[in-house]
1. Run the reach check for K23 against lysines, Cα to Cα strictly under 22 Å, same-chain hits fewer than 8 apart removed. What comes back?
2. With every protein chain present, what accessible area does C65 have (1.4 Å probe, heavy atoms only), rounded to the nearest 10 Å²?
3. Do the sum for the chain: with -39,500 (n - 2.57) for every DSSP H run of n ≥ 4, divided by all residues, what is the mean residue ellipticity at 222 nm, to the nearest 500 deg cm²/dmol?
4. At a 10 angstrom cut-off on C-beta neighbours, averaged per residue, how do the peptides 2-9, 31-38 rank from highest to lowest?
5. For the chain, report the accessible area per residue in Å² (1.4 Å probe, heavy atoms, rounded to an integer).
6. With θ set to phi - 60° and the Karplus curve 6.51 cos²θ - 1.76 cosθ + 1.60, what are the ³J(HN,Hα) couplings of the range 56-61 in order, to the nearest whole Hz, using x for Gly and Pro?
7. Can you send over the carbon and sulfur percentage of the accessible area for the chain, probe radius 1.4 Å, protein chains only?
8. Among I60, T85, H32, pick out the residue whose Cα is farthest towards the positive end of the charge dipole of the range 29-85, where Lys and Arg carry +1 and Asp and Glu carry -1 on C-beta, about the Cα centre.
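The values are calculated or read from the model by the stated rules, or taken from the named source; none is laboratory data. It should be emphasised that the depicted structure is a prediction, and the values quoted were computed from it without experimental measurement. Note that each Cβ is placed from the backbone with ideal geometry, even for glycine, and that neighbours are counted across all protein chains shown. Only protein heavy atoms, including side chains, enter the accessible area calculation; ligands, DNA and RNA are left aside. Shrake-Rupley method; radii C 1.70, N 1.55, O 1.52, S 1.80 Å.
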Amino acid sequence: KNKQGYYSRKAKRRAELLNRTPKWLSEHDKLHIDCIYSVCSMLNKEGTGPYEVDHIIPLINDNVCGLHVSWNLQVIPKIENRKKTNKIVA
């Protein structure tokens, strides 16, 4: 029933397991992350998708690892996210 909450919790859990969610994030920062997942969910409900939330700098990469923070997230088409995998795209 609550898809955006489900996807937000799923991504948050994955990021926490990878120790990529900083402990210094404020409640405002966490709310911003939830909003990004809500926007993605709304786009998918409109039928313009499918979309996914992407980490701009991947959580796992050979050269650099990103954080699970709002300024490292973007909503992109699912097919683009799957092509990107864990690469950094300029």
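1. Answer for K23, where 22 Å is the Cα cut-off: K10, K12, listed by chain and number.
2. 60
3. Working: 3 runs with 42 residues, N = 90.
Calculated at 222 nm, the ellipticity per residue is -15000 deg cm²/dmol.
4. Per-residue Cβ counts within 10 Å, averaged per peptide and sorted highest first, yield 31-38, 2-9.
5. Numbers: 6400 Å² over 90 residues.
Counting only protein heavy atoms, the per-residue value for the chain is 71 Å².
6. Each residue of the range 56-61 in turn: 4, 9, x, 5, 10, 7 Hz.
7. On the way: 3590 of 6400 Å².
Carbon and sulfur: 56 percent of the exposed surface of the chain.
8. T85
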